[in-house]
Amino acid sequence: MKIAILSNINLDSLVKRIGKNHDTYLAEGYGSWIQELISPRSGLFSFEPENVFIIFDGEELTKVEANLLGIKKEIQRFFSYVQKTLQKKPSVNFFLSNLDFPLKKIQTIKEIRREKQVENYWYSWQIKLNRQFDNFYIFDLKRLIEEKGREEFYSAKLWYLGGMKYTMLAEKIIEEEINYYLSAVSLKRKKCLILDLDNTLWGGVIGEDGLDGIELSDHKEGARFRDFQIGIKDLEKMGVVLAIVSKNNKDDVREAFEKHKSMVLKLNDFAIKKINWRTKSENIKEIARELNLGLDAFVLIDDSPVERSQVKNALPEIEVPEFPIDTALLSDFIRQIQRQFFPTLKVTDEDKKKTLIYQQDVRRTQAMSSTLSLDDFLKSLKMKIQFWEAKKEDVGRIAQLTQKTNQFNLTTKRYSESQINRFIQSKNYQVYVASLADRFGDNGKICVLIVKKLSKKTALIDTFLLSCRVMSRFIEDQIINYVEKSLKRENFSKIIGEYRPTQRNMPVKELFERLGYRLIDQKDGKKKYELGLNNLDQFRRKYFGEFTKK
Amino acid sequence: MSSEKLTSKSESNKKKFLEIVADILEIDTQSLNLRTKKDQLAGWDSLAQIKIIAEIEEQFKTTIPIEEIPKIITLKDFLAYINKR
């Protein structure tokens, strides 16, 4: 990733650390951060960073001004520069730190802390920008300092010796936080959290202790499980899919969820529930099949070391973290789980409806197994495909799809939001999105097709992917048909298609052949195809459902 | 018994100290010895010096007063601060 770190203090040491793992911009001196930001031809922007971290020291920022009003004016001026930059560079992510002001001034207890007033004023501006701009984020430096303590974070000696504000430990902590933000940007998130029930979501065993015997309450000891459930519910709201795998009787479990007064999670919060007496790894394999997810998308939380070990041995791709021995730490534990496996920059609309969408999938799968033929089933779905040229609000989901989709993905090119933005703004690219709904529900945006215009006559299909959940329904036929007709209307005579093999995209190895494209080159498994746009109606393609171009 | 413990503790301190210096200067611990003077080592600029002082203070929970820093000439001089805590 291309990173830049700007500051009003000397952060060379930190920048060098980050530079070991990322392509990092090294500014010349640290006082020039204003010029770097506002000048479109600055060293910073010639470097073309994808992510810019602006880490500010409060003390140094406000040294110049004596009174609060003067400081506020300085801050206002600073934020007007930042605003202009955010507008000019919508495809770059900006992370601006909140301020920490060690309390150095000697004053009475009654006197209000000006340092705190400055921190709050700065933060109020950050809130404004966070609302206004999609590419603006707050870098929570203050939280890092609060959790470690100012004593461990700052070093007077280093400051006097070499203008370095932070201790080595502080630099390590900041570096780790930057890496955490970057993992969120690169969408490296697991998809599904599998949970055990007894001694995990509550204390005790529901089958033996009964509704009144399990430990789960609003106050005192039982509250540690309640707080744990609250954390899990927060994850679900961020688009993480939840599943239960528990050795229990279904009725006992239903009663617990429906009747226990302190139960935070509902049965409906879980996309899949495997409540039986089979081995956990068998159940998990089934879940992976039914949700159509790779095993590496799963995290299992289970209190039993025996069960954890069974699953780890049978399914090594699954993440199985250790469970805290002291359950008072469960609330901290679920936060660590989020940080480690589910870093999330923001939620898309699709994320918010994830549970519902996966539940609909399970019902669809069940309906399919009871229909006579695939064609009848597909007709019965009454699908509605909507297709349109990508707009600003689609960018998040498009980037997400290019990052996550593995099976129905012809070229597996991974793109960031900034790159998608660039394609949309470019005359040489056309970015399309499609959404799909059927009688079971709305799947949301599930297809990305990116056309690259190689010349006035030849176009290339750079990217063509479908969410794995809507594969095998031939909607690609209708989509490619529209794109071909559209390019023909624009006077293109030829479309080039490519297939680049990966471990996971075997399902589309022969897609272009089926669609009627001619194979013109083959090397090392990579295939190149061509389609002349002069005679389009000859193909035997499959059309199910209604197609609308918006 | 107790003097043996003291020796092995200062041995492990010395090893840890040399590793810290080697890591910051990006050289091999083999090329370091306690009598080496600061200005004999490539890469020992003011930034490296500050980092070494910082790491020693943090890792060994000791303090090197700012006045005494100019008096530190050889690597052995650092050890006095590490072992005296």
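The values are calculated or read from the model by the stated rules, or taken from the named source; none is laboratory data. All figures in this text were calculated on a predicted structure; none of them were measured in a lab. Ideal geometry is used to build each Cβ from the backbone, glycine not excepted, and the neighbour counts take in all protein chains shown.
Scanning segment A:518-527 for any residue that is within 23 Å of A:Lys485 (Cβ to Cβ), surrounded by 11 or more Cβ atoms within 10 Å (Cβ to Cβ) and touching a residue at least 24 places away in the same chain (Cβ under 8 Å) turns up nothing. Within segment A:485-507, can one find any residue that is surrounded by 13 or more Cβ atoms within 10 Å (Cβ to Cβ), modelled with pLDDT under 95, over 28 Å from the mean Cα position of the chain (by Cα) and closer than 25 Å to A:Arg364 by Cβ? No, segment A:485-507 contains no residue that is surrounded by 13 or more Cβ atoms within 10 Å (Cβ to Cβ), modelled with pLDDT under 95, over 28 Å from the mean Cα position of the chain (by Cα) and closer than 25 Å to A:Arg364 by Cβ. Within segment A:46-91, if we keep just the residues that are outside any helix (DSSP H, G or I), among the polar types (S, T, N, Q) and surrounded by 14 or more Cβ atoms within 10 Å (Cβ to Cβ), the residue that is farthest from the chain's Cα centre (by Cα) turns out to be A:Thr62.
Of the residues in segment A:10-33, how many are in contact with a Phe, Trp or Tyr (Cβ under 6 Å, 6 or more places away or on another chain) and away from chain B (no Cβ under 14 Å)? Don't jump to the end; show me each part of the working.
Going through segment A:10-33, the residues in contact with a Phe, Trp or Tyr (Cβ under 6 Å, 6 or more places away or on another chain) turn out to be A:10, A:25.
Next cut, away from chain B (no Cβ under 14 Å) only: A:25.
Summing the residues that are in contact with a Phe, Trp or Tyr (Cβ under 6 Å, 6 or more places away or on another chain) and away from chain B (no Cβ under 14 Å) in segment A:10-33 gives 1.
Before we move on, is A:Thr200 within 14 Å of chain B (Cβ to nearest Cβ) and in contact (Cβ under 8 Å) with a residue 12 or more places away in the chain? Considered against the rule, which asks whether it is within 14 Å of chain B (Cβ to nearest Cβ) and in contact (Cβ under 8 Å) with a residue 12 or more places away in the chain, A:Thr200 comes out as no.
Only helices (runs of 4 or more DSSP H) whose full extent lies in chain B are considered here, and the ones with at least 1 residues that are surrounded by 15 or more Cβ atoms within 10 Å (Cβ to Cβ), within 14 Å of chain A (Cβ to nearest Cβ) and more than 11 Å from the chain's Cα centre (by Cα) are B:2-25, B:46-60. If you go through segment A:302-324 and pick out every residue that is part of a helix (DSSP H, G or I) and either closer than 18 Å to A:Ile334 by Cβ or not β-branched (Val, Ile, Thr) (or both), you end up with 8. Does at least one position in segment A:201-214 carry a residue that is at positive phi, touching a helix residue (DSSP H, G or I) at 6+ places or on another chain (Cβ under 9 Å) and in a helix (DSSP H, G or I)? Yes. Where strands (runs of 3 or more DSSP E) fall entirely within segment A:436-550, those with at least 3 residues that are in contact with a Leu (Cβ under 7 Å, 6 or more places away or on another chain) and under 30 Å from A:Lys191 (Cα atoms) are at A:441-453, A:458-466.
I'm checking my understanding of the structure. Among residues of segment A:114-152 that are farther than 30 Å from A:Thr85 by Cα and more than 14 Å from chain B (Cβ to nearest Cβ), which one is surrounded by the fewest Cβ atoms within 10 Å (Cβ to Cβ)? Among those residues, the one meeting the criterion is A:Glu147. Checked against (1) without any contact (Cβ under 8 Å) to a residue 60 or more places away in the chain; (2) in a helix (DSSP H, G or I); (3) farther than 22 Å from A:Pro49 by Cβ, A:Gln126 meets all criteria but (3). Out of all the residues in segment A:153-172, is one or more surrounded by fewer than 21 Cβ atoms within 10 Å (Cβ to Cβ), in a helix (DSSP H, G or I), away from chain B (no Cβ under 14 Å) and of a type outside the set (Val, Ile, Thr)? No, every residue in segment A:153-172 fails to be surrounded by fewer than 21 Cβ atoms within 10 Å (Cβ to Cβ), in a helix (DSSP H, G or I), away from chain B (no Cβ under 14 Å) and of a type outside the set (Val, Ile, Thr).
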